[in-house]
Amino acid sequence: MKTINNNLRLFWQGTVLSYVALFAWFRPVTYIASKILMPLAQMIFFTFLGSYASGGSNVDFYVIGNAIQITAVSGIFGVTMSIGGDRWAGTLAYLFGTPANRMMMFFGRAFMHVIDGAFGVVIALTWGALLFGVDFSQTNLSALGLTILVTTISTCGLGLLMGCLSLITANVMFVNNTVYFLLLIFSGANIAIDTLPNWMQAFSQILPLTRGIASARILIAGGSFAEVVPLLTSEAGIGIIYGWLGYFLFKWFEVQAKRKGSLETV
Amino acid sequence: MNIIEVQNLKRVYRATNGVIRRTTKEIVAVDDLSFDIKEGELFGLLGPNGAGKTTSVKVLATLLIPDAGQVRVKGLDIVKDANEVRKEIGFIFGGERGLYWRLSGNDNLRYFASLYHVAPEISKKRIPYLLELVGLKGRGDERVQGYSRGMKQRLHVARTLLHDPDILFLDEPTIGLDPVGAREFRDVIRNLQSEKKTILLTTHYMFEADSLSDRVAVIDKGLIVALDTPSALKKHVRDLSVVEIETFGIAPNVVEEIRKLPFVDSLSTREQDHRQILHVQTERGAEAVPDLMASLEGMRVGRVTVREPTLEDAYVRLVGGKA
Ligand SMILES: Nc1ncnc2c1ncn2[C@@H]1O[C@H](COP(=O)(O)OP(=O)(O)OP(=O)(O)O)[C@@H](O)[C@H]1O
Ligand SMILES: [Mg+2]
């Protein structure tokens, strides 16, 4: 019992400290800007653009899609920084020299971003209610909460994989921006998936977010929890697959680095 | 008892170049190293740039897989039992990188304590103790960003002591420190010696190796060229006693005459504001002084000193330079 308790405390400590240590936006002003203003800007931009182009009848579609999509800011950019940041800090050799459990170390890096990302979605949905009149009166709120959480976790799963790529390649920001952009298009946040060509639909199906956004739209429109269970299960499954791919890449990276001597220490 | 055993260690780096025509270049960083370190010993590892010191330390610290040979730490194999070895060792690579600059000194230590599975109630007491040990008392709450280079290097020492390892690998820990900082840092190392830590130290400062090490290995091109106590190594160059004579306005022909004296091994002069310092290397040591003074008859002569060969003289001879 005591060791479990200790392990939990260690996990928590490591999680919070690595979040502060490696996440560049953790300054109050930039944090507030990234949490409150950027989602607002994205929502206003796409909602006006989308409803203007489509005749203005489906504001909810854009507001909900973009609000859920906001989780990718934490899930993709945040998590990538938390995994790849050690490369810039020169801490990799010191990390890999510890006996720490690599799985805890790896997934622990994403933990705070899950909380952070979910919080961002809640703020964005609040903007949606206040500014665009999205109506939550018919919504099963706990099911919506679960949807937000699951979607955030699965997006962080992709982020973990991207983070490992950033350990290996140099051009991370370019890759991240591309992924974020692809999610904007293919997750169904701004373009209804059934209007896309078949191959693009297939691509949508292997991305996180797609089913989470669909689920949120159903729930806010008054759908039942039972209706979204299959969506959420698949969404979680996709996230777990990306997360594990990331973890295997992380292990592979460590082994390779020990073989090749590519852990920069100086 | 030997706490560290290195047998026929070899490590080669393979660098690939080119995209279409891939060429692989092999660099033998460590060729064939064997040495043992006794419990509680401070073992100095010296050698010129590129000799393979850092590579050896990385292998010992489980960060690099050897190509051949065996390394045991407390009887554990550094490849097969890497995770067990990590609990027994601490290591630092000189320089100020490798810390989270955004975090305070305390938080850096708390983070690494969690990675070393140090229970929070233990680290709560240990962190202030370690900060005091390395001379950072009262500075733990500040962000590392604002630390001086010396402070960061001290924090690295505290970091590597969190789990109280018996064995420490210190790769050029005093690099880039000012003389006072480096001296204080050596006091920290002496503290660790008195705590019965076994230490492997690499350095380019010979007096540092001389004053701290119990034994020294000099390596070059990945091979050991000498391994002994500092005083025994100095005996290799006993014939190289140096007589230093301060003169004022000595004529070049006099210098040439001294150079021709039979007991003078070699002579060099150094100009220093209106003075010329003669460095005479001779087998005769102090006995050569009267004869040298006779040659300088009638000239103004300042301080005369005879010094023992230093570890540096021995080192320079061993790795093939000219003193
Ligand atoms: N990651 C690497 N990839 C390729 N070659 C390397 C790598 N690291 C070191 N080397 C080469 O291996 C040799 C030994 O390097 P090492 O860093 O061990 O030397 P060192 O004794 O620590 O030198 P210094 O005193 O300059 O720190 C050098 O020729 C170096 O260029
Ligand atoms: Mg080195």
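Principal-axis analysis of the Cα atoms of chain A puts helix A:79-89 at an angle of about 30° to the longest axis. Against the criterion of solvent-accessible heavy-atom surface with a 1.4 angstrom probe, A:T30, A:T152 sort, most first, into A:T30, A:T152.
Across all directions, the shadow cast by the convex hull of segment B:19-61 built on its C-alpha atoms averages 4.6 square nanometres. Counting protein heavy atoms only, chain A has 74 percent of its accessible area on carbon and sulfur, 1.4 angstrom probe.
Can you spot the lysines whose alpha carbon is less than 25 Å from A:K251's alpha carbon? Ignore those fewer than 8 places along the same chain. Candidates past the 8-residue exclusion: A:K260, B:K10, B:K58, B:K80, B:K87. Angle of helix A:210-220 to the longest C-alpha principal axis of chain A, folded into 0 to 90 degrees and rounded to 10: 40°.
Size of chain B: Rg and Dmax of its alpha carbons, in Å, are 24.1, 76. Within straight cross-link reach of B:K235, meaning Cα distance under 18 Å, which lysines are found once same-chain residues fewer than 8 apart are removed? Output for B:K235: B:K322. A dipole drawn for segment B:2-230 from +1 and -1 charges on Cβ atoms has a positive end, and of B:T54, B:Y100, B:L130 the residue lying farthest that way is B:Y100.
Distance from the alpha carbon centroid of segment B:256-305 to that of segment B:135-167 works out to 48 angstrom. Each Cα pair under 8 Å and six or more residues apart adds its separation to the average, and for segment B:1-145 the resulting relative contact order is 21 percent.
Taking all protein chains as they are arranged and a probe of 1.4 Å, the heavy atoms of B:I27 leave approximately 80 Å² accessible to solvent. Solvent exposure of B:R22, expressed as accessible area, is near 150 Å², computed with a probe of 1.4 Å over the protein chains only.
What number in nm² do you get for the protein assembly as shown if you take the convex hull of its Cα atoms and divide its surface by four? Write out the running numbers ahead of the final one.
On the way: hull surface 145.8 nm².
The orientation-averaged projected area of the Cα hull of the protein assembly as shown comes to 36.4 nm².
Surface listing: B:I4, A:I123, B:I65 arranged by accessible area from highest to lowest gives B:I65, A:I123, B:I4, probe 1.4 Å. At a threshold of 40 Å², the residues of segment A:93-115 that become less accessible to a 1.4 Å probe in the full protein assembly than in their chain on its own are A:Y94, A:G97, A:T98, A:P99. Across the protein chains, with a 1.4 Å probe defining accessible surface, the residues B:K196, A:K258, B:K87 rank B:K196, B:K87, A:K258 from largest area downward. Accessible surface calculations at 1.4 Å, restricted to protein heavy atoms, place segment B:169-323 at 52 Å² per residue. For the protein assembly as shown, the share of DSSP beta bridges that are antiparallel, to the nearest 5, is 70%. Using the Cβ atoms and a cut-off under 15 Å, what net charge is assigned to the surroundings of B:T24, where Lys and Arg are +1 and Asp and Glu are -1? Neighbourhood net charge equals +4. With K and R counted +1 and D and E -1, the other residues having a Cβ less than 14 Å from that of B:F185 yield a net charge of -1.
Residues in segment A:2-265 average 42 Å² of solvent-accessible surface per residue, probe 1.4 Å, ligands and nucleic acids excluded.
For A:W252, the solvent-accessible surface with a 1.4 Å probe is about 130 Å², rounded to the nearest 10. Summed over all non-identical Cα pairs, the Kirkwood treatment of chain A gives a radius of 19.2 Å.
What's the buried accessible area, both sides, between B and A using a 1.4 Å probe, rounded to 100 Å²?
Details: alone 16780 and 13100 Å², together 26530 Å².
What B and A bury together is about 3400 Å².
Give me the percent relative contact order of chain B, please, defined on Cα pairs under 8 angstrom at least 6 residues apart. Rounded, it is 19 percent for chain B. When every Cα-Cα distance of segment B:235-318 is counted in 10 angstrom steps from zero, the calculated P(r) takes the values 18, 52, 26, 4 percent. Here segment A:30-100 and segment B:177-217 have alpha carbon centers that stand 49 Å from each other. Expressed as a whole percent, the accessible area of segment B:2-230 that falls on carbon and sulfur atoms is 48 (1.4 Å probe).
Rounded to the nearest Å, what's the spacing between the alpha carbon centres of segment A:101-132 and segment B:1-65? Just the number, please. Value for the Cα centre distance between the two parts: 44 Å.
Per the helix-only calculation at 222 nm, which mean residue ellipticity applies to chain B, given -39500 (n - 2.57) for every DSSP H run of n ≥ 4 and division by its residues, nearest 500 deg cm²/dmol?
On the way: 11 runs with 105 residues, N = 323.
Mean residue ellipticity, 222 nm, calculated: -9500 deg cm²/dmol.
Of all aspartates and glutamates in the structure, the ones whose alpha carbon falls short of 15 Å from that of B:K124, not counting any fewer than 8 places away in one chain, are B:D107, B:E132, B:D141, B:D164.
The values are calculated or read from the model by the stated rules, or taken from the named source; none is laboratory data. Values in this document were obtained by computation on a predicted structure and should not be read as measured data. Cβ: placed from backbone, ideal geometry, glycine included. Neighbour counts: every protein chain shown. All accessible areas refer to the heavy atoms of the entire protein, side chains included, with ligands and DNA or RNA removed. Shrake-Rupley method; radii C 1.70, N 1.55, O 1.52, S 1.80 Å.
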